[in-house]
Amino acid sequence: MSYWGLCDKPTDFAVLVGKTLRSIEINGDKDRMTFKASDGSEFLLYHGQDCCETVSLNEIVGDLADLLETPILQVEVVTNEGGEPKPEYPDSWTWTFYKRATVKGRVTLRWLGESNGYYSEAVDFAQTKEVA
């Protein structure tokens, strides 16, 4: 299934609680992250590109290895429209923080969406493969 068609099937980020991730992949443009769980399920954190906006992974706080091979205990999504730090495009921007915790540690994925104010700056999360 193409990830572009997943916008119609958003998944609640909380579905990761209790899952044990076996791999995390980030594409070269840093606009897609794939999470593969030990139960066979897969998830995608991404932005469906439109026209005049950019949305990408800006920073990882913590060690991604802390999220592997141990159950996810806690997740949280925090969004901040505007505010600091101010990015390249001055018209509109949204910071989205995806926070996860395991017994090994906490990791925050900081995404930045920038646009002229007319396009989505959101990050989408979808399940791309069901449990077998």
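Side notes on the structure shown:
- Using θ = phi - 60° and Karplus 6.51 cos²θ - 1.76 cosθ + 1.60, couplings along region 114-123 (whole Hz; Gly, Pro as x): 10, 7, 8, x, 9, 10, 5, 10, 7, 9
- Rounded FRET efficiency, nearest 0.05, which uses the C-beta distance separating ASN27 from GLN74 and R0 of 22 Å: 0.25
- Amide H partners (placed H, <5 Å) of HIS47, local residues excluded: ASP124
- Region 3-129 shape via C-alpha gyration tensor axes, a/c threshold 1.5: prolate
- Placing +1 on the Cβ of every Lys and Arg and -1 on the Cβ of every Asp and Glu, with nothing else charged, gives region 88-132 a dipole about its Cα centre of roughly 540 debye.
- Using C-alpha pairs below 8 Å separated by at least 6 residues, the relative contact order for region 28-132 is 36 percent.
- Cα-based Lys pair tally, region 3-129, threshold under 30 Å, eight or more apart or on separate chains: 20
Rule-based calculations on the coordinates, nothing more; no lab input. This one's a predicted model, so the numbers in the text were calculated from it and none came from an experiment. Don't worry about glycine lacking a Cβ; one is built from the backbone with ideal geometry, like all the others, and counts go over all protein chains shown.
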